[in-house]
Amino acid sequence: MDLIDCRMDGDIAVLTVNNPPVNAISAQMRRELWQSAEDLDADPDVRAVVLTCAGRTFIAGADVREFGQPPVEPHLPDLVDRIEQAGKPWIAAIHGTALGGGLEIAMGCRFRVAVPDARMGLPEVNLGIIPGASGTVRTPRLVGVPAAVDLVTSGKPWKAPQALKAGLIDEIVEGDLTEGALRFARAALSRDLPQPVSERPIEPQDDAFWSKAAEKVSKPGMQAQARAVESLRFATENPFPAAMAHEREIFTELRDSDQAAALRHVFFAERAAPRPPELKGIQPRDIGRVGIIGGGTMGAGIAVACRNAGLPVVMIERDQAAVARGLDNIRSILDGSVRRGKLTEAQLDDRMDGVEATQDYAALSDCDLVIEAVFEEIGVKRTVFDQVGRVCRDDAVLATNTSYLDPRRIFEGVAGPERCLGLHFFSPAHIMKLLEIVPTPDTAPEVLATAFSLAAKLGKMPVRAGICEGFIGNRIFKRYRAEAERLLVEGHSVEEVDAAMRDYGFRMGPFEAQDLSGLDIAFLQREGLRAEGQDVPDTLSDRLVRAGRKGQKTGGGWYDYAEGDRKPRPSEETRAVLAPHVGGTGGLSSQQIADRLVAAMADEGQQILSEGIASRASDIDLVEIHGYGFPRWTGGPMFASGVR
Ligand code: 3HC
Ligand code: NAI
């Protein structure tokens, strides 16, 4: 056998699965496990079987790459049944993660033991499917119905202690896992065996329980959660074989759906983006201390992101008053985390203790990385880097968080251009996952690799972007805004366009989103270009800004806002400002409006790809999903438009 090794320890067989990197269940693995069950049942010298895995994890689930292909026997549910029906008890010995089909195999075993930091879960809903090998049928029999509903519908894994408490595992093993599993097996053989999970009784729940469970998962968009509840309910109210057939039916239907294909696309996109092939083997530099210039919206958010990752921070501001404001900005973000129960007071103090704030650039002398987040003005940024260059170590990485400016111009004259690049965070920087990494032609591969390793440390989704106005994300957003304005000119209302994009799956439409972040940022950027002599025609939003309507912060933008209330209300004033410039008859349906806007984004994405600004279409999808709220279950604008 190629993927499974079998050795004997006395009268106990130890099966070790070795299918790197994550022991995903392929057709070959299913065949070999089945054959092992046959062989071990036939061997009179074997009294029990320990199932363990080599490498970094227990079985992480079915091989997602096989989902698009015709199914091959033995099927996973049959294999799980085969293991459960084995003549000798199997003991799953879990380290790393037992996920999806991996946990289903473990539930087919008579016992499960795990190391203290192991995690166990059923993440199938994140892939637009439900568990397909008894996850909705065995789990409620093992841990009870409410806990099973939580495990299956949240898609979030449990840590070993929680799994032990719920009865998902039987023991936590300290020290060597295989030794511990063997000890457990010997002790178990001296007692009566528990019932196989499929034969355990199930406690039915009433209608009210199921209505509540269904209501909790009835969010627009994602399809799998509601179907998982349906499958779990059926499993609690019907015999095991009928429940298995029912689960399989839903699983197969969902696996072949557009939504599951889209979510698989995102799954693989998220694994490809952080590891550009050209950086393979290149060692990143260590990042210990981070300097941040500017303690405004972005500087404070970036500081919190760094502190949350345990990195000490030096924040530089213009004068003492600005230093104090910057510290206040950081503290108020952390206060928010405490209010939401994400952080304790003690953790807040620890975060603040790791922040040094000063107006003295000399404090940057021992920083490994400096990120500039000052005003979006080329002159200010160049002056900043002039000062940074004088105090920083020669090998410190220098980064700008500019939204639109050309990093090559910002870094002109800085000694060591190979250590410079753009790191474009998104607001709020401590929450938003996206990080556009923008190398210049001079950036050294080692520096680029350092940026990707920083992203991993901060828990960000890095996407490599080339230099153009707005990089990937803001360039597509500009096109999106322009197309949305065109729909207004054609006679659609602000409310109609926003509602169409909410129906499509965005949390906010394009106009609500602009009101939230402020119309003045893009306005000022266009004004800058006009000041340089470029012919930039007025947009409708420019007209609103000129009328004093900059968004929520001025009490009105595309919509009106009552004092202290973020609820957008249709605005007569906006209608009056726009009236001379709009005039069409509208008439597109909500779906047609969304299609127009998504097509515009994909078209801009195509241009970005053809110019080499993005390396792959899937990177553009990630930018939109992680930076702009594009609904994940559509796969992103490129995937949704058929561009691969
Ligand atoms: N199938 C195929 N490939 C997989 C895979 C899977 N289930 N899980 C991970 N991989 C691949 C990744 O694509 C990546 O490949 P690459 O090196 O070529 O890019 C490699 O394994 C390593 O993955 P990560 O970078 O994610 O490694 P980490 O160590 O960061 O994380 C993990 C490991 C926690 C296991 C994570 O990979 C993960 O969450 N995997 C998905 C688990 C999952 O969704 N399982 C359910 C599958 S569906 C199922 O089981 C259906 C069943 O009910 C019938
Ligand atoms: P902001 O106006 O909130 O903060 C800028 C800060 O820089 C101010 O606190 C100011 O005192 C400080 N500053 C100015 N000159 C300085 C100097 N010479 N030395 C030290 N500090 C100085 O601006 P914001 O929104 O934080 O933007 C900063 C940068 O991040 C800009 O380049 C912007 O384009 C970019 N950005 C902004 C995003 C946003 O949503 N606000 C998103 C992504 C990038």
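Any read-out appearing in this document is the output of simple, stated calculations on the displayed coordinates, not a laboratory observation. Small disclaimer: the values here were computed from a predicted structure and weren't measured. No Cβ is skipped: glycine too gets one built from the backbone with ideal geometry, and neighbour counts run over all protein chains shown.
Among the lysines, which have Cα under 25 Å from the Cα of K280 when same-chain residues fewer than 8 positions away are ignored?
Here the lysines satisfying the reach criterion relative to K280 are K433, K457, K460.
Any idea how far apart A309 and R191 come out in nm if each label point goes 7 Å out from Cα toward Cβ?
4.6
Rounded to the nearest 0.05, what FRET efficiency is calculated for M8 and R502 with R0 set to 56 Å and r the Cβ-Cβ distance?
Details: r = 61 Å, r/R0 = 1.10.
Computed FRET efficiency for M8 and R502 comes out at 0.35.
Pairs of alpha-carbon atoms within less than 8 angstrom and 6+ residues apart define the contacts here; what relative contact order does the stretch 4-238 have, in percent?
On the way: 452 pairs, mean separation 41.0, N = 235.
So the answer I get is 17 percent.
Which distance in nm do the two modelled labels at A321 and Q606 give, with both placed 7 Å along the Cα-to-Cβ direction?
Between A321 and Q606, the label points sit 5.3 nm apart.
Report the rotationally averaged projected area of the stretch 278-464 based on its alpha-carbon convex hull, in square nanometres. Before the final figure, lay out each step's value.
Values: hull surface 38.8 nm².
The Cα convex hull of the stretch 278-464, projected and averaged over all directions, gives 9.7 nm².
In what sequence do H75, H626 fall when counting other Cβ within 10 Å, fewest first?
Details: H75 15, H626 24.
Neighbour counts put them in this order, fewest first: H75, H626.
How far, in degrees from 0 to 90, does helix 207-216 lean away from the longest principal axis of the Cα atoms of the chain, to the nearest 10?
40
How large are Rg and Dmax for the chain when only the alpha carbon atoms are used, in Å?
Looking at the chain, its Cα Rg and Dmax stand at 28.1, 90 Å.
Take peptides 606-613, 84-91 and line them up by average Cβ neighbours within 10 Å, highest first, as a rough protection proxy. Show your work: numbers first, answer last.
Values: 606-613: 15.0, 84-91: 19.1.
Descending mean neighbour count gives 84-91, 606-613.
What number, rounded to the nearest 500 deg cm²/dmol, is the helix-based mean residue ellipticity at 222 nm of the chain, given -39500 (n - 2.57) per DSSP H run of at least four residues and division by all its residues?
Details: 26 runs with 299 residues, N = 644.
Here the helix-only value at 222 nm equals -14000 deg cm²/dmol.
Could you work out the relative contact order of the chain, using alpha carbon pairs under 8 angstrom and six or more residues apart, expressed as a whole percent?
On the way: 1196 pairs, mean separation 59.6, N = 644.
Result for the chain is 9 percent.
What angle do you read, to the nearest 10 degrees and between 0 and 90, between the alpha-carbon axis of helix 258-272 and the longest principal axis of the chain?
80
Placing unit charges on C-beta atoms (Lys and Arg positive, Asp and Glu negative, everything else neutral), compute the dipole magnitude of the chain about its Cα centre in debye, rounded to 20.
On the way: 74 positive and 93 negative charges, 117 e Å.
Using only the charged Cβ atoms, the result is roughly 560 debye.
If the cut-off is a Cα-Cα distance under 17 Å, which aspartates and glutamates reach K156, setting aside same-chain residues fewer than 8 apart in sequence?
E104, D117, E124
Averaging over every viewing direction, what projected area does the convex hull of the Cα atoms of the stretch 228-273 cover, in nm²?
Working: hull surface 15.0 nm².
Its Cα hull, projected and averaged over all orientations, spans 3.7 nm².
Using per-residue counts of other Cβ atoms within 10 Å, averaged over each peptide, order 159-166, 327-334, 565-572, 469-476 from highest down.
Answer by packing, highest mean first, reads 469-476, 327-334, 159-166, 565-572.
Mind sorting S453, S198 by how few other Cβ atoms lie within 10 Å of their own Cβ, fewest first?
Working: S453 18, S198 21.
Listing S453, S198 from fewest to most nearby Cβ atoms yields S453, S198.
Name the residue from S154, A133, M638 whose Cα lies farthest towards the positive end of the charge dipole of the chain, charges +1 on Cβ of Lys and Arg and -1 on Cβ of Asp and Glu.
S154
Please give the peptides 617-623, 142-148, 501-507 ranked by average Cβ packing (other Cβ atoms within 10 Å per residue), highest first, as a rough proxy for protection. Could the numbers behind the result be given before it?
Numbers: 617-623: 27.4, 142-148: 19.4, 501-507: 17.6.
Per-residue mean Cβ counts within 10 Å order the peptides as 617-623, 142-148, 501-507.
A415 to E376: FRET efficiency via 1/(1 + (r/R0)^6), r the Cβ-Cβ distance, R0 30 Å, to the nearest 0.05? Before the final figure, lay out the partial values.
Values: r = 24 Å, r/R0 = 0.80.
After rounding to 0.05, the efficiency reads 0.80.
Share of antiparallel DSSP beta bridges in the stretch 322-435, in percent to the nearest 5? If you can, show how the numbers build up before the last one.
Working: 1 of 8 bridges.
Among the beta bridges of the stretch 322-435, antiparallel pairing accounts for roughly 10 percent.
Taking only Cα atoms of the stretch 4-238, what ratio of Rg to Rh do you get with Rh as the Kirkwood inverse-distance radius?
In the stretch 4-238, Rg relative to Rh is 0.96.
For the stretch 154-196 and the stretch 97-144, what is the separation of their C-alpha centers, rounded to whole Å?
The stretch 154-196 and the stretch 97-144 have Cα centres separated by 13 Å.
Assuming R0 = 22 Å, can you tell me the calculated FRET efficiency for the pair S26 and Q162, based on Cβ-Cβ distance, to the nearest 0.05?
On the way: r = 30 Å, r/R0 = 1.35.
Using R0 = 22 Å, I get an efficiency of 0.15.
Expressed as a rounded percentage, what relative contact order does the stretch 117-205 have, with Cα pairs under 8 Å and six or more residues apart?
Numbers: 89 pairs, mean separation 30.2, N = 89.
Relative contact order comes out at 34 percent.
Take every DSSP beta bridge whose two residues both sit in the chain, then give the antiparallel share in percent to the nearest 5. Walk me through the intermediate numbers first.
Numbers: 17 of 59 bridges.
Rounded to the nearest five, the antiparallel share is 30 percent.
With a 10 Å Cβ neighbour count serving as the proxy for reagent exposure, in which order, fewest first, do D206, D117, D81, D258 appear?
Working: D206 7, D117 11, D81 19, D258 14.
Ascending number of Cβ neighbours within 10 Å: D206, D117, D258, D81.
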